[in-house]
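The values are calculated or read from the model by the stated rules, or taken from the named source; none is laboratory data. Everything numeric in this text was worked out from a predicted model, so none of it was measured. FYI the Cβ positions are ideal-geometry reconstructions off the backbone, even for glycines, and counts take in every protein chain you see.
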Amino acid sequence: MTRPEFYDEGALVGVLTTQPLDRLLDYKAPEGGCMLGAFVEVPLGPRKVLGIVWGPGRGDWDIAKVRSVIRVLDAAPMREEMRTFLLRAAEYTLTPMPAMLRLATRAPGLGDPPSMRKIYRRGEGEPDRATDARRRVMETLAEYGDLSFTLKELSEMAGVTSSVVKGLVKQGVVSEEDAPRDVPFRRLDPSLPGKELTDDQAAGAAMLAEAVRSETYGTTLLRGVTGSGKTEVYLEAVAACLAQGRQALVLLPEIALTAEFLKRVEARFGARPAEWHSGATMTERRRIWRMVGQGGAQLVIGARSALFLPYQNLGLIVVDEEHDTSYKQEDGVLYNARDMAVLRASICGAHVVLASATPSLESWANAEAGKYKRLELTSRFGPAVMPVMGTIDMRAAALPADRWVSPDLQKAVQARIDAGEQAMLFINRRGYAPITLCRACGHQIACDQCDARMVEHRFLKRLMCHQCGETKPMPTTCPSCEAEDRLAPVGPGVERLGEEAALLWPDARIATLSSDMYGSARALKAEIENIAQGGTDIVIGTQLVAKGHNFPNLTLVGVIDADLGLQGSDLRAAERTFQLMRQVAGRAGRADKPGTALLQTYQPEHPVIRAILAGDEEGFWRAEAAQREAAGVPPYGRMAGIILSGPDVAAVFDIANKLARADGPLRQVGAQVYGPAPAPIARVRGRHRVRMLIKADKGVALQGALRKWVKQVQIKGDIRLAIDIDPQSF
Ligand code: ADP
Ligand code: ZN
């Protein structure tokens, strides 16, 4: 008798591969048979590729010609729940299944037998004949400190052949060791005592714990100002989940994944959780992937892609800072991890906690509509109070062109320094100056490949395109008129603000925090630690400091340009600015020290600025909701963005116009097409981008209509089409 989910040797199976094919491929099950969901290696032309046994084969082939699965890989078969999740996520985001599968198989080395693996790390001394290639290997190793790599990883990262690495191993400057066997993570103990909770917090924790114990899907929106104890409360839900023997996942925006946060989790549960993030080495990733699949990891703390790990029995997903835009993946598969968390939980009967001080309008609307439960923590923990908010009218400040700190803000910062406290200056711009202008001819230096200006990064001594990441040396002559020494920086970036601060407060200890100013995540972490311990008087930073860090002695936040996010026509601009300003302001004042937040603005009467000041979140959301509802845009209507791109702008427009004219399938469901028009950034990496927006009523099954629509026009050659469901900007 055969088990229903088992295919005997020779049976025809349909395999989904990560190759860009839009169908399953038929193979014969290998010797010993294979399970439904098994990870397998199959021949494809001359290559061997990774795949999943997805179901029975179609069988409309001459069976004698069908090739066999090469081997079943040493990994637990993909569970049905996961397959359903990938299918539904693909349907929702209109992503081809192979691309979706790639997200779920990011565990490198899935195929290697464990015993064959060697790992490589920094050894002793320096290479005796330092060729360029050898130097690159050493630099790669230096960059990642004491982490280790497989041979393939290291040679690929350094851009050398594996024999270069082997040569360095002979010299002893690179060490070669057997890879550690995949070991389970230390057991976390949910019964350790947590902090003693306030009544408010305890009630919230009890409600979440009960929701988790019900083992049915549900979502709770946990809202509370920064410092109200949201983390303490959701850690109790994690405890309830672990106590049931189920796994929990806490998603954080990448940069909020700090040592401080992990220490808190470790203190609560007595051991470290698994950390899944972009900085993790391949070896770490492999271990986590396997251990999550085998139940050897109870709790994963991770960035958005942790959602695609092969959990055995997931009981809880926390999405912290749920409003954060970095949950939206803008490359490859376009998905919002918050929405995918809800989808995944609804399939496996887990509970979702969306935590934020300033929830997204989407989640707020879902809570209003009764789809999500609401849980509010209304006060900051202990005697701490919300910061006092104020504006500084920059029209009255009348600053010279190369100054950005108003006299009022300067005084306020000075007062904090005098009191032995810390101040933060926030500006949401990386680099030294956003524009490099030629004072002779007016030319602004732009990226060759993108419709974007190059931003001077003085620290790196280069110009950088923030779209494609391309850099070039800072020229001394104008690339347009060749005038000497007439290039001038215009406008402030975080580095330039640091320079101004050094002039204004020559005796203060100033730390400028921007992601590109620290060689490694480790150096940045050390700096953050230093600030937290009071080693700095003034912190100058970008978004990087707005999230997740607790600086107990920081009592003043000055926002250099509160108007920055309000420019442009993006319908989400108000929401974003509101969230960001509230979040930045929330950095001020902790424990027993009240905080102040001062917003420099040229439009203090702007309704968004006024709402931020008033702190009337309900009022702000209601007004925002009413506007969006009137415009029929998300979350009160459905929307998709279509981006067509290609090297030849006329060809791209040609296809876009054809599509726009063939809008029958869209009209059938009452959806409208806006555009085509050049995308907000009209050229990136040499590709011209043309955008259409599709708008429909809330109840419309837009995906089906979109699928039919785009199929009508053949997209050829170099042109690519990307569909973005629920785009971030519209
Ligand atoms: P949030 O996640 O809402 O920003 P946190 O959970 O990080 O808030 O709490 C803010 C600070 O207050 C943290 O340092 C936390 O340890 C502390 N805290 C919150 N609640 C309690 C409590 N009940 N007992 C002790 N410390 C607490
Ligand atoms: Zn560029």
*Hey, among 104, 38, 90, which residue is under 28 Å from residue 349 (Cα atoms) and in contact (Cβ under 8 Å) with a residue 60 or more places away in the chain?*
104
*asked:* Which pairs turn up if I take residues in segment 309-329 that are within 14 Å of ligand 1 (Cβ to nearest atom) and look for partners that are in a loop (DSSP other than H, G, I, E, B) and at pLDDT below 90 with beta carbon separation below 8 Å, at least 6 apart in sequence or on another chain?
replied: 320/253; 321/253; 321/547; 321/548; 323/358; 324/253; 324/547
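Can you tell me which residue among 683, 707 is out of contact with any Pro (no Cβ under 8 Å at 6 or more places or on another chain), part of a strand (DSSP E or B) and away from ligand 1 (no atom under 16 Å from the Cβ)? Full working, then the answer.
Working: 707 fails: part of a strand (DSSP E or B).
Being out of contact with any Pro (no Cβ under 8 Å at 6 or more places or on another chain), part of a strand (DSSP E or B) and away from ligand 1 (no atom under 16 Å from the Cβ) holds for just one of 683, 707, which is 683.
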*Taking the residues in segment 298-313 that are surrounded by fewer than 24 Cβ atoms within 10 Å (Cβ to Cβ) and more than 17 Å from residue 261 (Cβ to Cβ) as candidates, determine which candidate is modelled with the lowest pLDDT.*
305
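Specify the residue that is nearest to ligand 2 (Cβ to nearest atom); the eligible residues are those in segment 448-458 that are under 25 Å from residue 498 (Cα atoms) and not small (Gly, Ala, Ser).
Our first condition is that a residue be under 25 Å from residue 498 (Cα atoms); within segment 448-458, this holds for 452-458.
Right, trim to not small (Gly, Ala, Ser) and you get 453-458.
Values: 453: 10, 454: 8, 455: 10, 456: 14, 457: 14, 458: 19 Å.
For segment 448-458, the residue satisfying everything is 454.
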*Pick from segment 569-627, criterion surrounded by 15 or more Cβ atoms within 10 Å (Cβ to Cβ) and of a type in the set (S, T, N, Q), ranking: nearest to ligand 1 (Cβ to nearest atom)*: 583
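Inside segment 251-290, can you point out the residues that are among the aliphatic types (A, V, I, L, M) and at pLDDT below 85?
Step one: of segment 251-290, the residues among the aliphatic types (A, V, I, L, M) are 251-252, 255-257, 259, 262, 265, 267, 271, 274, 280, 282, 288.
Passing the criteria: 255, 256, 257, 259, 280, 282.
Please give the helices (runs of 4 or more DSSP H) falling wholly within segment 204-317 in which 3 or more residues are outside the structural domain of residue 121 (by the TED database), touching a helix residue (DSSP H, G or I) at 6+ places or on another chain (Cβ under 8 Å) and farther than 30 Å from residue 155 by Cα. Quick ask: steps written out before the conclusion?
Numbers: elements: 230-243, 259-269, 282-294.
In segment 204-317, 230-243, 259-269 are the helices (runs of 4 or more DSSP H) which contain 3 or more residues that are outside the structural domain of residue 121 (by the TED database), touching a helix residue (DSSP H, G or I) at 6+ places or on another chain (Cβ under 8 Å) and farther than 30 Å from residue 155 by Cα.
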*asked:* Pull out all pairs, ordered by first then second residue, where Cβ-Cβ is under 6 Å, the residues are six or more apart or on different chains, the first lies in segment 563-583 and is in contact (Cβ under 8 Å) with a residue 40 or more places away in the chain, and the second is of a type in the set (Ser, Thr, Tyr).
replied: 563/601; 563/602; 565/577; 566/577; 570/729; 579/358; 582/358
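Taking segment 520-534 as the search range and keeping residues that are over 17 Å from residue 557 (Cα atoms) and in a loop (DSSP other than H, G, I, E, B), which one is farthest from the chain's Cα centre (by Cα)? First the steps, then the outcome.
Narrowing segment 520-534 to residues over 17 Å from residue 557 (Cα atoms): 520-527, 529-530, 533.
In the following step, the residues that additionally are in a loop (DSSP other than H, G, I, E, B) were identified as 520, 533.
Details: 520: 18, 533: 28 Å.
Among those residues, the one meeting the criterion is 533.
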*Can you name the number of the only condition in (1) in contact with a Phe, Trp or Tyr (Cβ under 8 Å, 6 or more places away or on another chain); (2) under 16 Å from residue 425 (Cβ atoms); (3) not charged (D, E, K, R) that residue 597 fails?*
(1)
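On the basis of being in contact with an Asp or Glu (Cβ under 7 Å, 6 or more places away or on another chain) and surrounded by fewer than 19 Cβ atoms within 10 Å (Cβ to Cβ), does residue 681 make the cut? Reasoning before the result, please.
Details: in contact with an Asp or Glu (Cβ under 7 Å, 6 or more places away or on another chain): yes; surrounded by fewer than 19 Cβ atoms within 10 Å (Cβ to Cβ): yes.
The answer is yes for residue 681.
Could you tell me which of the residues 250, 238, 174, 165 is under 29 Å from the mean Cα position of the chain (by Cα), closer than 24 Å to residue 282 by Cβ and crowded, with 17+ Cβ neighbours inside 10 Å?
Checking each option against the conditions leaves just 250.
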*Return only the number of the condition from (1) more than 26 Å from the chain's Cα centre (by Cα); (2) surrounded by fewer than 23 Cβ atoms within 10 Å (Cβ to Cβ) that residue 204 does not satisfy.*
(2)
*Answer yes or no: is there a residue in segment 623-644 that is over 24 Å from residue 696 (Cβ atoms) and touching a residue at least 24 places away in the same chain (Cβ under 8 Å).*
no
*Hits in segment 386-403 (condition: surrounded by 12 or more Cβ atoms within 10 Å (Cβ to Cβ) and part of a loop (DSSP other than H, G, I, E, B))*: 386, 387, 399, 402, 403
*asked:* If residue 445 satisfies all but one of (1) among the β-branched types (Val, Ile, Thr); (2) surrounded by fewer than 16 Cβ atoms within 10 Å (Cβ to Cβ); (3) within 16 Å of ligand 2 (Cβ to nearest atom), what's the number of the condition it fails?
replied: (2)
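This table checks each residue for (1) buried (at least 18 other Cβ atoms within 10 Å of the Cβ); (2) under 21 Å from residue 551 (Cα atoms); (3) assigned by the TED database to the domain that holds residue 405; (4) among the acidic types (Asp, Glu).
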residue	(1), (2), (3), (4)
469	no, no, no, no
472	no, no, no, no
475	no, no, no, no
481	no, no, no, no
503	no, no, yes, no
514	yes, yes, yes, no
523	no, yes, yes, no
533	no, yes, yes, no
